[in-house]
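Working notes, beginning with the structure itself.
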Amino acid sequence: MSRQYYIAGNWKMNKVKGEAVELAKALVEQLKDGKNKYMIAPSFTNLDAVAQVVKGSNILLGAQNMSTEESGAHTGEVSVLMLKDLGVQTVILGHSERRHIYKEDDAMINKKVKLALAHGLEVVLCIGELLEEREAGKAEQVCEEQTRKGLAGVSAADMAKVIIAYEPVWAIGTGKTATPEDAQAIHQFTRGVLADMYGKDVAEQTIIQYGGSMKAENAAALLAQPDVDGGLIGGASLKAETFIPICKTY
Ligand code: 13P
């Protein structure tokens, strides 16, 4: 497989600055011999401090969201220009918590995806179905729609900077992980959607991460699946002891 494993930590709304810096320092030290691609996404308020720690290391700095707009009257929003100014290299967009708690729709997420790419940021586009959608047999349909709408207008060339993260909503923070077979089925299906949109080469090169209660105990079996190219980890990314083993699974 030519695709590189990409392990990312989404710290969500956790850690004050001192804690974030401490964890980032531990990760820089313990991952310096790591063979994979790594990223951490602290809260906006900790990006600047964590940027100083990861600078020059093999850990990319990610943001968890960004505005659809570059600047202006958007109280409470954070722009792509502000992220880039701090040294942010990648941005998580369309996370299920943004979709379902904060009601971001595919059109809004697509606008963010295109803006981030236009400014040269890497994008981790999250997709994934709710439990009721899975139970209604609609998991593939939901993932296809989120992929197509999220990437509308994104060129094949820009796909070099796009990662898809499949995060079944019922597996996030619940301790219920998708089985390796269930994850593989959606990853393979999504790669097929990408092949239809962009051709086989782009689809084969695109990293598709799995997210949802991933931990050291289940990472090996998930990452062994042919279309599972990495992980987007929430809870287990909050401590070096639980994140490092996932990073070093393979
Ligand atoms: P958990 O690993 O806590 O289930 O979170 C997954 C996730 O949402 C990462 O973005």
Of Gln209, Leu238, Met197, farthest towards positive along the dipole that unit charges on Lys, Arg, Asp, Glu beta carbons give region 187-239: Leu238
With the label point 7 Å along the Cα-to-beta-carbon line of Lys149 and a cut-off under 17 Å to each amide N, the hits in region 95-115 are 95-114
In whole percent, and with a 1.4 Å probe on the protein chains, what portion of the accessible area of region 50-156 is carbon and sulfur? 51 percent
Using 10 Å bins from zero, what percent of all Cα-Cα pairs in region 36-168 falls into each bin? 12, 42, 33, 11, 1
DSSP loop trypsin sites (Lys or Arg not before Pro) in region 17-124 with at most 10 other Cβ atoms within 10 Å of their Cβ, which ones? Lys32, Lys103
Starting from the Cα of Glu217, step 7 Å along the direction of its Cβ; do the same at His100; then give the gap between the two resulting points in nm. 2.2 nm
Members of Lys149/Lys239; Lys200/Lys248; Lys84/Lys239; Lys32/Lys84 lying beyond 32 Å, as alpha-carbon distances in this model show: Lys149/Lys239
May I ask for the distance between the Cα centers of region 84-160 and region 176-236, given as a whole number of Å? 15 Å
If the only charges are +1 at each Lys and Arg Cβ and -1 at each Asp and Glu Cβ, what is the size of the charge dipole of the chain around the Cα centre, to the nearest 20 debye? 600 debye
Coil-residue trypsin sites (Lys or Arg not before Pro) of region 146-233, DSSP, other Cβ within 10 Å capped at 15: Lys176
HN-Hα J in Hz across region 201-206 - Karplus 6.51, -1.76, 1.60, θ = phi - 60°, x for Gly and Pro: 4, 4, 4, 5, 8, 7
Helix-derived mean residue ellipticity, 222 nm - over the chain, DSSP H n ≥ 4, -39500 (n - 2.57), to 500: -12000 deg cm²/dmol
Check cross-link reach from Lys111 to the aspartates and glutamates: straight Cα distance under 15 Å, and skip same-chain residues fewer than eight apart. Glu69, Glu70, Glu77, Glu122, Asp158
Accessible area per residue, 1.4 Å probe, Å², for region 121-214: what's the number? 40 Å²
Taking H as built 1.01 Å from N, whose amide H comes closer than 5 Å to the amide H of Val91, not counting residues under 5 places away? Ala63, Glu122, Val123, Val124
Placing unit charges on C-beta atoms (Lys and Arg positive, Asp and Glu negative, everything else neutral), compute the dipole magnitude of region 92-189 about its Cα centre in debye, rounded to 20. 440 debye
Looking at the chain, identify the longest residue range that excludes and avoids all GluC sites (Glu not before Pro) in DSSP loops having at most 16 other Cβ atoms within 10 Å. 78-250
For q values of 0.13, 0.24 Å⁻¹, compute log₁₀ I(q)/I(0) with the Debye formula on a Cα-only model of region 131-183, without solvent. -0.41, -1.01
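The values are calculated or read from the model by the stated rules, or taken from the named source; none is laboratory data. Small disclaimer: the values here were computed from a predicted structure and weren't measured. Neighbour counts are summed over all protein chains in view; Cβ atoms, including those assigned to glycine, are modelled from backbone coordinates with ideal geometry. When the accessible area is computed, the model is the full protein with side chains, heavy atoms only, and any ligands, DNA or RNA have been set aside. Shrake-Rupley method; radii C 1.70, N 1.55, O 1.52, S 1.80 Å.
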